[in-house]
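Chemist: Would you mind keeping the following structure in view while I ask a few things?
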Amino acid sequence: MAIAALIAAYQEAEGTESGLRALLPMAGRTLLEYQVRRAIGAGARHAVILVERVPAALNEALDRLRRDGIAVEIARTPADAADRFHPEEASILVADGLIAAPPCFEALAAQRPPAVLVVPDIPENAGFERVDAQWRWAGLALTDANMLSETAAMLGDWDLQSTLMRRIVQSGPRFVSSNNDADAKEGRASIVIADDEAASRRAGRADMLPARTDDASWIERFVLAPAAGIIAPLLIDRPIEPNWLRLAAVALAIGGAVAFYFSWLWTGAILLLLPGLLAAIATRIDVARLCDPHNNWRTRLALPAVYGAAIAVFGRPVVEMAGNPLHWAFVGAAMLLLLLVERTMRKLAKLGGPAVPYAAARATATGIFWLLPLFGAFGWWIWWPAFAAAYGLLSAFLLIEFAAPVPKTAETGHCED
């Protein structure tokens, strides 16, 4: 069954100048964008935002979503919202101010309507609307277009969100618990209804989970990921676009290549330490904002291309020092092999993740450049291209010989039937 999302966005936030709850800041974006992306990630084809007034900030949020190819539209009245759903389309009702993990959306989207996400009726969950003597509504419900239309027709001055939820409950829905075993033991809800900036900002920082390192290279696992984990939370609430960081990374890499051309080896080596870190920080921010870090082919390919150019330009001073043109062969081999390894790893990740022995030890362009100052400290500049070529060849051999895509498995989460 096709699914869409109906997101309530008309309640005012407490003690804030942002006005609507939907416009509370979260990970440098708005709470509304978080809700829409979560719903789309769970399988919704489009989202309808029920809002009584449309501030400029709301239009800006919708423009950002549309630029990413997400179908989203505004409804000013419940009847208008009901008209925007196909008769055979199920709709996920998302409560105003809801912050929930992906498994909560996915667990509800996997049901047949009617279904309701619930939390236990315990003191810690007193902020959630009561469903019965045992459960409280956790902010997500699944219904069909008929019930939505009937509810909109009978509303009058009643609140659509609460009225529709009550009607769904009266229809005998399936209850989906939002607590995992650990949460149930400690009596904690796995979702939050944010009504002020402090709550939404906390949720945005908490959503910056540690980056996956099971298939990461040594430089990503031990250097870039820990550093990005410290720096990215400091930038997440600021109006900084991740692509700005990626452009800065490309500019630094170009600066390193120019330095190599003029035989300023130490300057180039230091400049080329930073692009990988900036790219890692940008990726962490994108993930926290529920954006695809690889959605733009220009930003995806620019840095590897400049890395390749920097390795090629490095051949000029190396040949001058070595007095042997054959060093160009090592430079060319290093450039091609490293880019081949990185491209292959990206392809394998899309297929479900690589099963490669010693994946952490594989070569990457970023890791090779981080080793360059070590060679320079010993005066071994001319041996760096040969080392890079040999390292890249070994990594390519491991990928070709041992890499086998493994099937994707569903991620475990906080929601269960």
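Chemist: For segment 35-51, check the following and say yes or no: at least one residue is of a type in the set (S, T, N, Q), assigned by TED's automatic domain parsing to the domain that holds E106 and free of Cβ contacts under 8 Å to residues at least 60 places away in the same chain.
Modeler: Taking every residue of segment 35-51 in turn, none turns out to be of a type in the set (S, T, N, Q), assigned by TED's automatic domain parsing to the domain that holds E106 and free of Cβ contacts under 8 Å to residues at least 60 places away in the same chain.
Chemist: Can you tell me which condition D96 does not meet? The list is (1) closer than 23 Å to M1 by Cα; (2) in contact with a strand residue (DSSP E or B) (Cβ under 6 Å, 6 or more places away or on another chain); (3) in contact (Cβ under 8 Å) with a residue 40 or more places away in the chain, and all the others hold.
Modeler: (1)
Chemist: Take A2 and tell me if it is without any contact (Cβ under 8 Å) to a residue 24 or more places away in the chain, surrounded by fewer than 17 Cβ atoms within 10 Å (Cβ to Cβ) and not charged (D, E, K, R).
Modeler: Against the criterion (without any contact (Cβ under 8 Å) to a residue 24 or more places away in the chain, surrounded by fewer than 17 Cβ atoms within 10 Å (Cβ to Cβ) and not charged (D, E, K, R)), A2 does not qualify.
Chemist: Which of the helices (runs of 4 or more DSSP H) contained wholly in segment 244-325 include at least 1 residues that are of a type in the set (A, V, I, L, M), more than 25 Å from the chain's Cα centre (by Cα) and surrounded by 15 or more Cβ atoms within 10 Å (Cβ to Cβ)?
Modeler: Values: elements: 265-271, 274-288, 297-322.
Qualifying helices (runs of 4 or more DSSP H): 265-271, 297-322.
Chemist: Return the total of residues in segment 126-138 being surrounded by 12 or more Cβ atoms within 10 Å (Cβ to Cβ) and either outside the structural domain of S171 (by TED's automatic domain parsing) or free of Cβ contacts under 8 Å to residues at least 24 places away in the same chain (or both). Give the steps one after another, and end with the answer.
Modeler: Initial filter on segment 126-138 (surrounded by 12 or more Cβ atoms within 10 Å (Cβ to Cβ)): 128-131, 135-138.
Filter again for either outside the structural domain of S171 (by TED's automatic domain parsing) or free of Cβ contacts under 8 Å to residues at least 24 places away in the same chain (or both), leaving 130, 136.
Qualifying residue count, segment 126-138: 2.
Chemist: Considering only residues that are at pLDDT below 75 and not in a loop (DSSP other than H, G, I, E, B), look in segment 350-377 and name the one that is surrounded by the most Cβ atoms within 10 Å (Cβ to Cβ).
Modeler: Of everything passing the filter in segment 350-377, A359 is surrounded by the most Cβ atoms within 10 Å (Cβ to Cβ).
Chemist: With surrounded by fewer than 19 Cβ atoms within 10 Å (Cβ to Cβ) and within 28 Å of the chain's Cα centre (by Cα) as the only criterion, which of P102, P123 stands out? Steps first, please.
Modeler: Details: P123 fails: within 28 Å of the chain's Cα centre (by Cα).
Unique residue meeting the criteria: P102.
Chemist: Look at segment 139-180 and say how many of its residues are over 9 Å from V116 (Cα atoms), assigned to a loop (DSSP other than H, G, I, E, B) and touching a residue at least 12 places away in the same chain (Cβ under 8 Å).
Modeler: Adding up the residues that qualify gives 6.
Chemist: Does D80 satisfy the criteria of being free of Cβ contacts under 8 Å to residues at least 24 places away in the same chain and over 28 Å from D286 (Cα atoms)?
Modeler: Here the answer is yes, as D80 does meet what is asked.
The values are calculated or read from the model by the stated rules, or taken from the named source; none is laboratory data. What you see is a predicted model; the values in this text were computed from it and never measured. Glycine gets a Cβ as well: all are built from the backbone with ideal geometry, and neighbour counts include every protein chain shown.
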